[in-house]
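Contents: one structure, followed by commentary.
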Amino acid sequence: EIAAFETEMRAARRPYRIVKYKGAVHAFTVPSAGNDPKSPVRYDAKADRESFGEMERFFARRLGR
């Protein structure tokens, strides 16, 4: 799905950015997801912090804040 998205964005000549957080899986921003390394859903505090910072920077760029 990511490759298809990238292809579509390139074809449309639209700017995009994909940010990946090593080791982060589904629900990585949800503390109640737990931290069982064998689970396909788990919280990742580092990825949560980094992604929140990325979101803040994105909004600052887009909204001029």
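The values are calculated or read from the model by the stated rules, or taken from the named source; none is laboratory data. Here the structure is a predicted model, which means the values were calculated and not measured. Here the Cβ is made from the backbone with ideal geometry for all residues, glycine too, and neighbour counts use every protein chain on show. Areas reflect the complete protein model, heavy atoms only, side chains present, ligands, DNA and RNA absent. Shrake-Rupley method; radii C 1.70, N 1.55, O 1.52, S 1.80 Å.
Ligands, DNA and RNA left out, the accessible area of the chain computed with a 1.4 Å probe is 55% carbon and sulfur. Relative to the Cα centre, the charge distribution of the chain, modelled as +1 at Lys and Arg Cβ and -1 at Asp and Glu Cβ, gives a dipole magnitude of about 340 debye.
Could you give the angle, 0 to 90 degrees to the nearest 10, between helix 2-12's Cα long axis and the longest principal axis of the Cα atoms of the chain? Tilt relative to the chain: about 20 degrees. The label-point distance for residue 32 and residue 57, in a model that sets each label 7 Å from Cα toward Cβ, rounds to 3.1 nm. Dividing the alpha-carbon radius of gyration of the chain by the rule-of-thumb value 2.2 N^0.38 Å gives 1.37. Compute the angle between helix 45-63 and the longest alpha-carbon principal axis of the chain, please, reported from 0 to 90 degrees and rounded to the nearest 10. Helix 45-63 sits at roughly 30 degrees to that axis. For the chain, the residue among 43, 59, 25 whose Cα projects farthest onto the positive side of the dipole built from Cβ charges is 59. Compared with the direct C-alpha span, the chain from residue 8 to residue 39 gains 8.0 nm at full extension, assuming 0.36 nm per residue.
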